[in-house]
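Each remark here refers to the structure printed beneath this line.
The values are calculated or read from the model by the stated rules, or taken from the named source; none is laboratory data. Predicted, not measured: the structure shown is a model, and the values here were computed from it. Here Cβ is always computed from backbone atoms with ideal geometry, including for glycine, and neighbour counts include all displayed protein chains.
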Amino acid sequence: MMKKYAKVFLILLLSAGVMLAAGFYIWSRFTYTPSDELLKAVDENRIQEQNQILFADPFDSKPSAGVILYPGAKVEPEAYAYIAQELADRGIAAAVPEMPFHFSIFGTGKADDVRRARPNVQNWYVGGHSLGGVAAANYAKENEESVKGVFFLASYPAESANLKKTGLDVLSIYGTNDGLTSPQDIENSKAYTPKDAIFKEIRGGNHAQFGLYGPQKGDMEANIPAIEQQNQIVRYLEEWISKDSIGEK
């Protein structure tokens, strides 16, 4: 009798596991896709896809620096194509990898694929938006010798990826109207970043406008246009990388 109950319990447990996995897979398919504003602002000839990675390559065949941007949870890589395009136009190679189930935490090592695909890039900076930044910090902590710096877009490192004692350069960009990553979250994150980490505030910027995919549940309304916020992101990234490349702090 006990064996019969044990068998029934095991069947029920396996069935529940299958249903949960199926439910998660279906839920993960409902993603944030590129907005019409992005489609109008991006030159499709500047973006190419290679092995599920979006690349925007500078006209210079040997760029000195490259950016790897991990997407936020359930956000399509194309939603960051404007940032990638603008960085490439400034001589910085940019890549946005597609993540398993659209969650960067399941594809932390994707930066390795990017670096192998663009061996001509001398210095890599890895980072990401929201959960993508968390995953990027995990990668950087385990591969400090492979990247020069880490950047966070409405994001911060987890305690398990404490960057304080690393030699990595760190840039954190956040919005004052972010309903998902608050300025207080950013302030708290300073405990896990080096003393010389750079923090840049976008006044009126919200969470969703770190990409271009439209409104996001739980977010606050932005007080600035999305493209204006995107341009500030690009400017801060370019300034940070340029200063680092010539040895300034």
Filtering the stretch 177-210 for residues that are farther than 13 Å from Ser155 by Cα and part of a loop (DSSP other than H, G, I, E, B) leaves a count of 8
Would you check if there is a residue in the stretch 178-192 being crowded, with 16+ Cβ neighbours inside 10 Å, among the aromatic types (Phe, Trp, Tyr) and touching a Pro at 6+ places or on another chain (Cβ under 6 Å)? yes
When Glu238 is evaluated against the numbered criteria (1) farther than 14 Å from His129 by Cβ; (2) part of a loop (DSSP other than H, G, I, E, B); (3) at pLDDT 95 or above, which criterion, by number, is the only one it fails? (2)
Could you tell me which of the residues Gly91, Gly72 is crowded, with 23+ Cβ neighbours inside 10 Å and in a loop (DSSP other than H, G, I, E, B)? Gly72
Please state which of the following conditions Tyr80 fails to meet, knowing it meets all the rest: (1) more than 28 Å from Asn162 (Cβ to Cβ); (2) touching a residue at least 60 places away in the same chain (Cβ under 8 Å). (1)
Within the stretch 104-127, which residues are surrounded by fewer than 18 Cβ atoms within 10 Å (Cβ to Cβ) and among the aliphatic types (A, V, I, L, M)? Ile105, Ala117
Considering only residues of the stretch 45-69 that are of a type in the set (Gly, Ala, Ser) and assigned to a loop (DSSP other than H, G, I, E, B), which is surrounded by the fewest Cβ atoms within 10 Å (Cβ to Cβ)? Ser61
From the list Glu159, Glu142, Glu187, Glu201, which one is modelled with pLDDT under 95, more than 21 Å from Leu54 (Cβ to Cβ), out of contact with any Leu (no Cβ under 9 Å at 6 or more places or on another chain) and among the charged types (D, E, K, R)? Glu159
May I ask you to say which residue of Leu168, Leu212 is within 15 Å of the chain's Cα centre (by Cα) and either surrounded by 19 or more Cβ atoms within 10 Å (Cβ to Cβ) or at pLDDT 95 or above (or both)? Leu212
Does any residue of the stretch 160-173 turn out to be assigned to a loop (DSSP other than H, G, I, E, B) and on the phi > 0 side of the Ramachandran plot? no
